[in-house]
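Presented below is the structure to which this report refers.
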């Protein structure tokens, strides 16, 4: 039996503005280590909201969240930042690369923040990831010189740099064409199988969702399957 | 290493807005430079103005005031002890102006460690005669070395030297105005008549100018020995004891103490020249408030650029937070950013301020009051530079603090969801 890496227990979330509105209702599920999970549903069903709660960036919720058997509910801002830095990698619809830095520096940034390895080691590691993602030759380029697909791959490399337990994606292929989407999906699949890292992706692309190991389908703030 | 990383990020963000950053830093530069130039110049002027009067004035002057005896003989008489005695037409006691036991008093005061030094003086009114004209004036008999040490008399001597008073016997240094009226110059001999009718011929060895006509028209200096000889007095005859203290603020208290201790009259410099203190304070206040205003304006400039930068770099802030930078880290990044502007602007400001001060100190400035000063006085005190840089850092820190706090509060979810 696979070990549970991420567990949500009775998560409720309300939006207060403009009126009190229940976005998530009693969400409970657990995700095993090394699984590839997609969360899907119609626009406005609360899937992104759920992901941001799982990502620890949104702390305004009720219920309990356990990452690697560690309760996250009562951690403060600084502690959660450390959790995100060490254990979670993010890939968003938009790449969010910092334009003032080159590709390599963007990838290295979270590891430099972690400060576990020397800068030389981090650089080596970043280069390995870039090599794996096939953008090794772009490492010293400026972010603005890259294509959309390349940028997204840099963002994935950044997510991987600290060897996180979970990689979370919010519509990571939303801005990409079919070909690049397939590439990104392939990368996720590889990471999942080879590194035993867990992947949680929110998507409304049914094609993408279907190919995941497990699909969590949501409707009106509830899990239906 | 972490500090370095945050600084690194701060610098990268700064580069994104290089032009505005330069303008913001220039604001600090301008503020600091003006502060330093203004304060150096103001203090230089203040010191010069103070030196006009304060340095020339003893902090404490001991003398024998012409006054009636405090206890009249009738009050000492035991048979009238219980009576109320009325004495009409009391006249001052004829003790002369001599301070008794002056040598001992000087020795005692010199041993006091609050005192820089003590200088004796003999002051007397005289008539100067040149040809048929007679002018009244004052001769101060001074100890040449002590007078120079305490009151820098040489600064006001426009011809000759104070040292000549000691080396040339029967010599005198007279005021510029006096010399002009008597139509005499260095090397001439003038006749001096004391109030008691004694006459002497004194050789002019120097001209002195204080820039105050009333003084320059009457003042003259001679050595203490010549002054004693002139009046036919013995070598212990002293009319004034001039004291300079290490801390001028103590003057009123010490003056009172000496007056009681030596049973003489004593005045302190604060009482004698109250208006100068006020002038100095006012000038300093003006200089500091102008500079502080400039720096605050510079601070607003930095505040603006940082605010703009934060709105522009919301995405970067959001991703930094998403990838594990805490609010504190983000705050630190923006404060560093501000401080970088402050440090760079401040350092250039200090250099510029120094250059400005240097330029001011080379502008010609002729004043009859201070014949030795040829250019504007500027005080190159290190403390102004330290105050300047400290102020630059404080203002930029505060200017950075508020935008940084805002950046720290940026909710990454809001930014990321918005896309």
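Read the figures in this text as sums done on the coordinates, not as results from a lab. As the structure is a computational prediction, the values presented were derived from the model and not from experiment. All Cβ positions, glycine included, derive from the backbone under ideal geometry; neighbour counts span all protein chains shown.
Cβ crowding within 10 Å, taken as a proxy for footprinting-reagent exposure, orders B:114, A:84, B:17 from fewest neighbours to most as B:114, B:17, A:84. Please give the average number of partner chain Cβ atoms lying within 10 Å of the Cβ of each residue in A:93-103, rounded to a whole number. Partner Cβ neighbours, averaged per residue: 5. Using only the Cα atoms of the stretch B:253-360, build the gyration tensor, take square roots of its eigenvalues as a ≥ b ≥ c, and label the shape rounded, prolate or oblate: rounded if a/c is under 1.5, else prolate if a/b is larger than b/c, else oblate. The shape class here is prolate.
By the count of neighbouring beta-carbon atoms within 10 Å, fewest first, B:396, A:225, A:56 end up ordered A:225, A:56, B:396.
Using the Cβ-Cβ distance between residue B:183 and residue B:116 with R0 = 25 Å, the FRET efficiency computed as 1/(1 + (r/R0)^6) comes to roughly 0.05.
Rg and Dmax over the alpha-carbon atoms of the stretch B:1-98 stand at 35.7, 101 Å.
Report the percentage of all Cα-Cα pairs in the protein assembly as shown whose separation exceeds 36 Å, rounded to a whole percent. The proportion of pairs with Cα distances above 36 Å equals 61 percent.
The stretch between residue A:62 and residue A:145 holds 25.6 nm of extra length on full extension. This uses 0.36 nm per residue minus the Cα-Cα distance. Measuring r between the beta carbons of residue A:210 and residue A:120 and using R0 = 45 Å, the FRET efficiency lands at 0.60. Distance from the Cα centroid of the stretch B:347-419 to that of the stretch B:161-235 is 51 Å (rounded to whole angstrom). If you look at the Cα atoms of the stretch B:101-196, you get an Rg and a Dmax of 15.6, 51 Å. For chain A, a Kirkwood radius taken over Cα pairs fed into Stokes-Einstein (20 °C, viscosity 1.002 mPa s) yields D = 119 µm²/s. Its relative contact order, with pairs defined as Cα atoms under 8 Å and 6+ residues apart, puts chain A at 31 percent. Helix B:18-53 and the longest principal axis of the Cα set of chain B meet at an angle near 10°. Counting only alpha carbon atoms, the long axis of helix A:178-195 and the longest principal axis of chain A meet at about 90°.
Given just the C-alpha atoms of the stretch B:202-247, how large is their convex hull per residue in cubic angstrom? Convex hull of Cα atoms, per residue: 139 Å³. At q = 0.26 Å⁻¹, what log₁₀ I(q)/I(0) does the stretch B:34-76 have when each alpha carbon counts as one equal point scatterer in the Debye sum? Log10 of I(q)/I(0), two decimals: -0.90. Between the Cα long axis of helix B:382-408 and the first principal axis of chain B there is an angle of about 30°, rounded to the nearest 10.
Can you tell me how the stretch A:26-97 classifies by the Cα gyration tensor, rounded, prolate or oblate, using a/c under 1.5 as the rounded cut? It is rounded, given that a/c, with a ≥ b ≥ c, falls under 1.5. The C-alpha atoms of the stretch B:61-123 occupy a region whose extents along the principal axes are 48, 24, 16 Å, arranged from largest to smallest. What the Kirkwood sum gives for the stretch B:2-59 is a hydrodynamic radius of 15.0 Å, with every pair of different alpha carbons counted. Please say if the stretch A:116-175 is rounded, prolate or oblate, where rounded means a/c under 1.5 for a ≥ b ≥ c the square roots of the C-alpha gyration tensor eigenvalues, and otherwise the choice is prolate for a/b larger than b/c and oblate otherwise? Oblate, because a/c is 1.5 or more while a/b does not exceed b/c.
Among A:211, B:199, B:336, sorting on how many other beta-carbon atoms sit within 10 Å of each Cβ, with the fewest leading, yields B:199, A:211, B:336. For the pair the stretch B:286-303 and the stretch B:56-122, the centres of their Cα atoms are 55 angstrom apart. Mean separation of Cα pairs under 8 Å and 6 or more residues apart, divided by the residue count, gives the stretch B:152-256 a relative contact order of 30 percent. Along its three principal directions, the equivalent ellipsoid of the stretch A:110-225 from the Cα gyration tensor extends over semi-axes of 27, 17, 12 Å, largest first. For the stretch B:244-271 and the stretch A:2-40, write down the distance between their C-alpha centroids in whole Å. Answer, in whole Å: 85.
Counts of other chain beta carbons within 10 angstrom of each beta carbon in peptide B:5-13 average 3. Ordered from longest to shortest, the equivalent ellipsoid semi-axes for chain B are 67, 28, 16 Å, each the square root of 5 times a Cα gyration tensor eigenvalue. Judged by the mean number of other Cβ atoms found within 10 Å, the most tightly packed of the peptides B:344-353, B:208-217 leads the ranking B:344-353, B:208-217. Once both labels are positioned 7 Å from their Cα atoms along Cα-to-Cβ, the gap between residue B:203 and residue B:283 label points is 4.0 nm.
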